[in-house]
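Single-structure report; data block below.
The values are calculated or read from the model by the stated rules, or taken from the named source; none is laboratory data. Being a predicted model, the structure only gives us computed values, none of them experimental. Cβ placement follows ideal geometry from the backbone for every residue including glycine, while neighbour counts extend to all protein chains displayed. Please note that ligands, DNA and RNA were not included when accessible areas were found on the heavy atoms of the full protein model with its side chains. Shrake-Rupley method; radii C 1.70, N 1.55, O 1.52, S 1.80 Å.
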Amino acid sequence: MSLKEMLPDVLAEFPKMGRADLRDFKKGIDETFRVFTRENGEAIENFFYPLKMFMVWFEKLLLATPWPLMIVVLCLLVWLGARSITMVIMTAVALFLIGYLGMWDDTMRTLALVSVSTFVCIAIGIPVGILMAKSDRTQAVIVPILDIMQTIPAFVYLIPVLMLLGIGKVPGLIAVCIYAIPPVVRLTDLGIRLVDKDVLEAADAFGASPTQKMFKVQLPLALPNLFAGVNQTIMMALAMVVVASLIGAHGLGSQVLKAVNNQYLTLGMMNGLAIVAIAIVFDRVSQKFGKRLQKHSETIHG
Amino acid sequence: MADNGIEVKNLYKIFGPHGDRYIQMVEDGMSKDELNAKHGHVLGLKNINISMPSAKIQVIMGLSGSGKSTMIRHINRLIEPTSGEVIYQGQDICKMSKADLMNFRREKTAMVFQKFALLPHRTVIDNTLFGIEIQGASRGQAEERAKHWLKRVGLEGYETYYPNQLSGGMQQRVGLARALTNDADILMMDEAFSALDPLIRMDMQSILLELQEELHKTIVFITHDLDEALRLGDKIAILRDGEVVQQGTGQEIVLNPADAYISDFVKEVNRGRVIKVDTVMTENSGNTTLRIASGSSLEDAAKRLIDAGETAADVVDASGAPIGGITIKATIDAMVTPATH
């Protein structure tokens, strides 16, 4: 006789919710959300309309720019960020290869998606990070939300996004932002909290207002961490482009998805490597730029 | 000239969530250790009363943990007092509103810190003008004033350096220039020279004394070094376990230490430099041609006597009129016999 058989029923079988109750429970929530969607879907869509227009405009701009000009512009940006001729040459070679292998347009779409979502993440993430650093209570509320955003499987939040906004660019963008925003928030908060207490006391002693303290002392000294956060956000946004393509974000990601569905090995590899190439360029440039902002810490008195 | 003296009255600081509940117990004689053991609160300052003279250097001296850094932070209220008053020009700083306090800090005070506390991301000149930038001065005007003070502390030509390109002594000169650029009436120096090498420390003390001769600020100077206190202080207050154990001029403290703790302290002091001829002179004129100015140190007097080959000298006041006399014996006696308690 097994242990399970000796026990009373209550201890042997997990006390489950009744099957009918459980079904009603799920149905109830689904239905409520559906009603909510039906009633507010348009309002929400209107809310995101400017963002959609911006995305469309930006994507068109990238696609309409002749490729030689685009390469020059991108190389110039790399030069401004990294000040390294090696980086510029590598970028030009990578872009030329991408174009030559027929992935130019998809790369431009992905570039547009990643740029806009990074921009959105920074615009929301840095202020949220500042609020978190200013109050322990705000931090206690936001940290678990960030934990959820980073660990919940992306497919799970694709469902409500899809129900609310349907398939398209904005849902893709939102999915990318949910996944990519936590690092910039966390590292802005951390960077501000790590600012030397002695320096803050000096700012207080000279009568700095909270705003002056934030913009003249805390944020400038938090920049190295803040930049690490931006860098991570860009990397995570790039990692999300394939998942985002599931709900209609076109670009290199949708090609990878097509390759998976049809077992096209080369197509998958090529588009995947194009994503990697863009990621490397973004990463090195943003890291070098972050380091250059720290020129005061370079030379140290012996 | 306005009176820039600071009156500290019945100041208490008890660290902990409910400090105000324990003031009565501390007044009734509960010790620091007992308060900590029984109630988990730390006694920072106990019934401090110091009258800091206007346009003079007030030194607050004590070993680590004596509460001296806590004390100085009450003057610009970087630390909130548990009870008591800090009066400046008839106003209680402890009762100021946030806005008033901010303006008071901007316009009336400037502070120099033990660990310099410079802004690492700003150049020397941008650090120096930080205080007046906060006040809203125009860039051009701020730069002009900052350059002036950088020159005064001997840092001309270093304007575009970053703090960590400079040595400790130079960084503290920037700290001093930053405070002076504020042109505030009160200058607070929290162990400002403690982190520097002895030679550089002497150098900085000289700069401060030199500047004070023309600036006449009310300076509150914190130190753990008695020699530094005696060299700089017009008035000295000695703190121990959050209480003032003695205050007075350097000479008063060296000649009449209040208790064994302080006489231990002053034992090592070079008395020849602290004690003035006025203390040991007698009414009898020295009957010689050698004249020593009132207010000279015994060391200087002894040197003059020996150089002149005399055994006695006249002490004269500022106008040159004799007010008394000293003998070489009395001078040397006073230099070598420490006051006991």
Seminar exercise, completed: By my count, helices (runs of 4 or more DSSP H) wholly in the stretch A:226-302 with at least 3 residues that are modelled with pLDDT under 90 are A:241-245, A:265-292
For this session: Evaluate the following for B:Glu80: is it within 14 Å of chain A (Cβ to nearest Cβ) and surrounded by fewer than 21 Cβ atoms within 10 Å (Cβ to Cβ)?
Result: yes
For this session: Determine, yes or no, whether B:Phe113 is in contact with a strand residue (DSSP E or B) (Cβ under 6 Å, 6 or more places away or on another chain), touching a residue at least 12 places away in the same chain (Cβ under 8 Å) and in the same structural domain as B:Arg73 (by TED's automatic domain parsing).
Result: yes
For this session: Would you please name the residue that is farthest from B:Ala117 (Cα to Cα), looking only at residues in the stretch B:147-202 that are aromatic (Phe, Trp, Tyr) and within 14 Å of chain A (Cβ to nearest Cβ)?
Result: B:Tyr158
Exercise. For the stretch B:205-218, does any single residue satisfy the condition of being hydrophobic (A, V, I, L, M, F, W, C), part of a helix (DSSP H, G or I) and open to solvent by 60 Å² or more (accessible area, probe 1.4 Å)?
Worked result: no
For this session: Tell me, yes or no, whether the stretch B:260-271 has at least one residue that is hydrophobic (A, V, I, L, M, F, W, C), farther than 15 Å from B:Thr331 by Cβ and open to solvent by 50 Å² or more (accessible area, probe 1.4 Å).
Result: yes
For this session: Identify, by number, the condition in (1) touching a helix residue (DSSP H, G or I) at 6+ places or on another chain (Cβ under 8 Å); (2) part of a helix (DSSP H, G or I) that A:Glu31 doesn't meet.
Result: (1)
For this session: Output the residues belonging to the stretch B:87-102 that are more than 7 Å from every other protein chain (Cβ to nearest Cβ) and without any contact (Cβ under 8 Å) to a residue 60 or more places away in the chain.
Result: B:Gly90, B:Gln91, B:Asp92, B:Ile93, B:Cys94, B:Lys95, B:Met96, B:Ser97, B:Lys98, B:Ala99, B:Asp100, B:Leu101
For this session: Select from the stretch A:189-208 the residues that are within 21 Å of B:Gly136 (Cβ to Cβ) and more than 7 Å from chain B (Cβ to nearest Cβ) and write down the one among them that is most open to solvent (accessible area, probe 1.4 Å).
Result: A:Leu200
Exercise. When only residues in the stretch B:110-131 that are open to solvent by less than 30 Å² (accessible area, probe 1.4 Å) and more than 9 Å from chain A (Cβ to nearest Cβ) count, which is farthest from B:Leu196 (Cα to Cα)?
Worked result: B:Leu129
Problem set entry | The listed residue being surrounded by 19 or more Cβ atoms within 10 Å (Cβ to Cβ), outside the structural domain of B:Ile50 (by TED's automatic domain parsing) and more than 25 Å from B:Asp203 (Cβ to Cβ), out of B:Ala301, B:Ala293 | B:Ala301
Seminar exercise, completed: Output for Cβ contacts, cut-off 8 Å, separation at least six or different chains, first residue under 16 Å from A:Leu246 (Cα atoms) and open to solvent by 90 Å² or more (accessible area, probe 1.4 Å) in the stretch A:258-278, second part of a helix (DSSP H, G or I) and modelled with pLDDT under 95, reads A:Lys258/A:Leu267; A:Val260/A:Gly268
For this session: Please indicate, with yes or no, whether at least one residue in the stretch B:171-179 is in the same structural domain as B:Ile222 (by TED's automatic domain parsing) and open to solvent by 10 Å² or more (accessible area, probe 1.4 Å).
Result: yes
Exercise. Of A:Lys134, A:Lys169, which residue is modelled with pLDDT under 95, crowded, with 23+ Cβ neighbours inside 10 Å and among the charged types (D, E, K, R)?
Worked result: A:Lys169
Problem set entry | Of residues in the stretch B:134-146 being within 27 Å of the chain's Cα centre (by Cα) and open to solvent by less than 50 Å² (accessible area, probe 1.4 Å), the one farthest from the other protein chains (Cβ to nearest Cβ) | B:Ala146
Problem set entry | Any hit, the stretch B:243-259, residues being open to solvent by less than 20 Å² (accessible area, probe 1.4 Å), in a helix (DSSP H, G or I), out of contact with any Phe, Trp or Tyr (no Cβ under 7 Å at 6 or more places or on another chain) and not β-branched (Val, Ile, Thr) | yes
Problem set entry | Any hit, the stretch A:3-17, residues being open to solvent by 100 Å² or more (accessible area, probe 1.4 Å) and at pLDDT 85 or above | no
Exercise. Within the stretch B:53-68, is even one residue under 22 Å from B:Ile238 (Cβ atoms) and free of Cβ contacts under 8 Å to residues at least 12 places away in the same chain?
Worked result: no
Seminar exercise, completed: All-but-one check, B:Glu191 against (1) under 15 Å from the mean Cα position of the chain (by Cα); (2) surrounded by fewer than 23 Cβ atoms within 10 Å (Cβ to Cβ); (3) farther than 30 Å from B:Asp33 by Cα, failing number (3)
Seminar exercise, completed: The residue that is least open to solvent (accessible area, probe 1.4 Å), considering only those in the stretch A:209-220 that are at the interface with chain B (Cβ under 7 Å from one of its Cβ atoms) and assigned to a helix (DSSP H, G or I), is A:Val217
Exercise. Taking interchain pairs and intrachain pairs at least six residues apart, which have beta carbon atoms under 8 angstrom, with the first residue in the stretch A:40-60 and surrounded by 15 or more Cβ atoms within 10 Å (Cβ to Cβ) and the second not aliphatic (A, V, I, L, M)?
Worked result: A:Lys52/A:Gly168; A:Lys52/A:Lys169; A:Met55/A:Lys169; A:Phe58/A:Ser115; A:Glu59/A:Arg109; A:Glu59/A:Lys169
